[in-house]
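A short write-up of the structure that comes next.
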Amino acid sequence: MTEQKKQVLIVDDAPTDIQFVIENLKDEFAIKVAGTGRKALELAEAYPPVAILLDVTMPELNGYETCEKLKSIDATKDIEVLFVSANDSIEEILKGYEVGGSDYIVKPVNPEELRRKVRLAVQNTEARFSVVSEKKAAMEAAMTAIMDASEQAFVVGFLRQSFNVTSFKDLAKLTVEYTSKFGLANTVQIRGPWETITVSSALPIAPLESELMYRLADSGRILEKGKRLILNFPLVSQLVKNMPNDDPDKCGRLRDHLALIIEGASNCAKNILVNDEIARLIEESNETLLQIQKLQTNQKETNMKIMDRLMDEVQQSFLTFGMSEEQEDLVLSKIRDAVDDTLDNFEAGLKIDEELKNIVERLEDATVHMQVSEPYSGEENSADDDDFLL
């Protein structure tokens, strides 16, 4: 396959000079010709060449004025310009360099010098274009890295905030808010054993949207159609309505960031369920221990009353038994020993009461600590309401 020739633009109003240059360059380069400076500007911007041969003396715009304008246009400012003139004074040559020319060819033109200088100009233009292209690529890569770092900061911010969330509703609001920071309209649904919470950046939430998210929860981790994206994790689903499909790199980054956020929300939802169950068990245990403590206290009081009544009845019965004083003292001594044993047992019971009391207090503290986080107070971001169609 023949390599396409590089294009050179000749700007001159003298047909003879134009023909001379064409004859000497046509074997190596594709040639375009402009008879005026204004025409040269049009052609150079529409079909940028790799070198421009520019006559100095022309009507309307002379060569220096044309070169100044070429250097002020982004599309042509990096193209090598070679002046062609019969005037080889130092003043003219310096003027050419001042307006942005890279070389000066004096008429009458030597063919070999012409070809050599044009080849060098083409090499310089291509090298400059390569540097500009590399700088542009490096800048784009740097901007992508900066954007990625900024987006990752949103993910980290969400994960940090999620540690303090204690309810499905607050978790859904937090997820919607941080997703909105990416400029995305979104809806989040969290499904628990007793309730399903749906929160959206667009109000009100369409019933069809909520119902469809519920039904698609088991249809795969990632669902995409057009600008719509659904992410499904255990307990949590998210619908994004305006993914930037026109920018595949950004779209891929956002998809990764959102997957991390929803996975974090899923783990947080599981923790909320576990903590709620623990709190419920603690509360039930607390109530049970309080009942046991109350029953033990009542039982001890009843036992003491029984022992007091027994002592009274025994002492009264001595009057009818005809017992000697020594016998009465012996019986009373036995009863007092039994009462003392009962009191000792009662004291042991008091220690058990104290332990039960400590357990109750620790359970109450644990319940308070599990609920210590403040409810999430972030405000929902509003967004345009889109019809939900998949």
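In the range 65-98, the residue that is nearest to P49 (Cα to Cα) out of those that are more than 49 Å from the chain's Cα centre (by Cα) and among the aliphatic types (A, V, I, L, M) is L82.
Looking only at the range 44-68, residues that are farther than 22 Å from A127 by Cα and either modelled with pLDDT of 90 or more or not acidic (D, E) (or both) come to 11 in all. Which of the numbered conditions does E112 fail, given that it passes all the others? Conditions: (1) surrounded by fewer than 12 Cβ atoms within 10 Å (Cβ to Cβ); (2) touching a residue at least 12 places away in the same chain (Cβ under 8 Å); (3) of a type outside the set (A, V, I, L, M, F, W, C). The number of the failed condition is (2). When the range 206-236 is filtered for residues that are out of contact with any Lys or Arg (no Cβ under 9 Å at 6 or more places or on another chain), hydrophobic (A, V, I, L, M, F, W, C) and under 15 Å from F168 (Cβ atoms), only M213 remains. Take the range 280-295 and flag every residue that is under 47 Å from the mean Cα position of the chain (by Cα) and not polar (S, T, N, Q). Selection gives R280, L281, I282, E283, E284, E287. Annotation note: Cβ proximity below 7 Å between a residue of the range 253-278 that is assigned to a helix (DSSP H, G or I) and a residue that is charged (D, E, K, R) (sequence gap 6+ or interchain) occurs for R253/D148; R253/E151; H257/E151. Determine whether L231 is surrounded by fewer than 14 Cβ atoms within 10 Å (Cβ to Cβ), among the aliphatic types (A, V, I, L, M) and either more than 21 Å from Q152 (Cα to Cα) or touching a residue at least 12 places away in the same chain (Cβ under 8 Å) (or both). The answer is no for L231. On the stretch given as the range 198-209, residues that are surrounded by 18 or more Cβ atoms within 10 Å (Cβ to Cβ) and either modelled with pLDDT of 85 or more or among the hydrophobic types (A, V, I, L, M, F, W, C) (or both) total 5.
For (1) in the same structural domain as L159 (by TED's automatic domain parsing); (2) within 15 Å of the chain's Cα centre (by Cα); (3) crowded, with 20+ Cβ neighbours inside 10 Å, each residue gets a yes or a no:
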{"position": "T187", "(1), (2), (3)": "yes, no, yes"}
{"position": "E211", "(1), (2), (3)": "yes, no, no"}
{"position": "D247", "(1), (2), (3)": "yes, no, no"}
{"position": "R255", "(1), (2), (3)": "yes, yes, no"}
{"position": "L260", "(1), (2), (3)": "yes, yes, no"}
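The values are calculated or read from the model by the stated rules, or taken from the named source; none is laboratory data. The structure presented is a predicted model; accordingly, all values stated were derived computationally and were not measured. For neighbour counting, all protein chains shown are included, and Cβ atoms are generated from backbone atoms with ideal geometry for every residue, glycine included.
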